[in-house]
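Here's the structure, in structure tokens; my notes come after.
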Amino acid sequence: MRGIYVAGVLDVLGEHHVDFDAVIGVSAGAIHASSFLAGQHGRSVRFYLAYCRDPRFMGLRSWLRTGDFVSYSFCYEEIPETLVPFDFDALESSKSAFYITSTDVETGQPYYHRTNTIRGPEMQCLRASASLPLVSKIVEFNGHKLLDGGTSDSIPMEYLREQGYRKTVVILTQVAGYRKKPEKLRLFDLIYRRYPAYLHSIKTRHERYNATLEKIEALEKSGDIFVFRPSHKVKIKRLERDATRILDMYELGRHDALTRLDELRQFLSSPAGQPETLSDEKTE
């Protein structure tokens, strides 16, 4: 739910016609990026606020009945198809390349999938990216067994830079100076004992995450990338169900984006010789 900050930033960018050649998202970042690319500003916060306390959206009942704390049928079928309709046609006509990041549990490595749609079976990739370990079933897609992308690559800036994109905008969901601590591993060891490579990825996640943050900070100081991060800390849980806190985090994203909009435009208009990219961090 901390990732609703990303939606706040993206809504402001979309409302002010800031476009990108490529967008890569992880977990909630991928979900919010899909609405951004479809031009549906405000869509993410609408369904978060409407359904955050609805037992059909997420909760213990869904977990016990289906194996997924976040209900697949409600979140990936009823909401986008009926309750808060997703504009599949608009996404498919977007000129931006869209990459979704998941983790392959058999290899422990990130799985980057480029797509121009989340219609039909492609929705499974989006679902996989946001399937938090321990409380989600493994998702099978394109011959891969997948879970949350943040386990292997929470901030996939380098992947897009390797594709040739250089002018990069990164949206983080933690305040400046944040560093991730090691995970508590007892349950992981029990549940994912058949996937040793995935367990290794979980055990070393904080090292990769913190190394990426250090690289981002260095590139930011040199003016090579542009970074949005919360300007102050909002008390919000990973699976927050308090609509007030969710709205506070979203409004902070909007505030920070509006405050720095001119600065962003100056960055994007400066000579670089490479396409612009945007990287969405997962929710923590």
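The values are calculated or read from the model by the stated rules, or taken from the named source; none is laboratory data. These numbers come from a predicted model, not from an experiment. Glycine also receives a Cβ, built like all others from the backbone with ideal geometry; neighbour counts cover every protein chain displayed. What goes into the accessible areas is simple: the full protein's heavy atoms, side chains included, and nothing from ligands, DNA or RNA. Shrake-Rupley method; radii C 1.70, N 1.55, O 1.52, S 1.80 Å.
Structural remarks
- Test: residue 116 is in contact with a Leu (Cβ under 9 Å, 6 or more places away or on another chain) and not aliphatic (A, V, I, L, M): yes
- Every condition in (1) in contact (Cβ under 8 Å) with a residue 12 or more places away in the chain; (2) among the hydroxyl-bearing types (Ser, Thr, Tyr); (3) open to solvent by 10 Å² or more (accessible area, probe 1.4 Å) is met by residue 93 except one, and the failing one is (1).
- Some residue of the range 63-78 being open to solvent by less than 40 Å² (accessible area, probe 1.4 Å) and within 28 Å of residue 170 (Cα to Cα): yes
- Residue 160 falls short of the stated requirement of being in contact (Cβ under 8 Å) with a residue 12 or more places away in the chain, within 23 Å of residue 65 (Cβ to Cβ) and surrounded by 15 or more Cβ atoms within 10 Å (Cβ to Cβ).
- Restricting the range 252-278 to residues that are open to solvent by less than 80 Å² (accessible area, probe 1.4 Å), modelled with pLDDT of 95 or more and among the charged types (D, E, K, R) leaves a set whose member that is farthest from residue 11 (Cα to Cα) is 260.
- Qualifying residue in the range 110-117 (condition: part of a loop (DSSP other than H, G, I, E, B), closer than 26 Å to residue 63 by Cα and open to solvent by 10 Å² or more (accessible area, probe 1.4 Å)): no
- Leading residue by the ranking (surrounded by the fewest Cβ atoms within 10 Å (Cβ to Cβ)) among those in the range 120-157 that are more than 23 Å from residue 22 (Cβ to Cβ) and of a type in the set (A, V, I, L, M): 134
- The range 192-207, residues that are open to solvent by 80 Å² or more (accessible area, probe 1.4 Å) and closer than 16 Å to residue 107 by Cα: 193, 194, 196, 200, 203
- Of the residues making up the range 16-51, those that are over 14 Å from the mean Cα position of the chain (by Cα) and closer than 18 Å to residue 95 by Cβ are 16, 17, 18, 19, 20, 21, 22, 38, 39, 40, 41.
- Residue in the range 45-65 that is closer than 27 Å to residue 263 by Cβ and touching a residue at least 60 places away in the same chain (Cβ under 8 Å) present: yes
- Top-ranked residue in the range 226-251 [being open to solvent by 10 Å² or more (accessible area, probe 1.4 Å) and of a type in the set (A, V, I, L, M); ranked as nearest to residue 43 (Cα to Cα)]: 247
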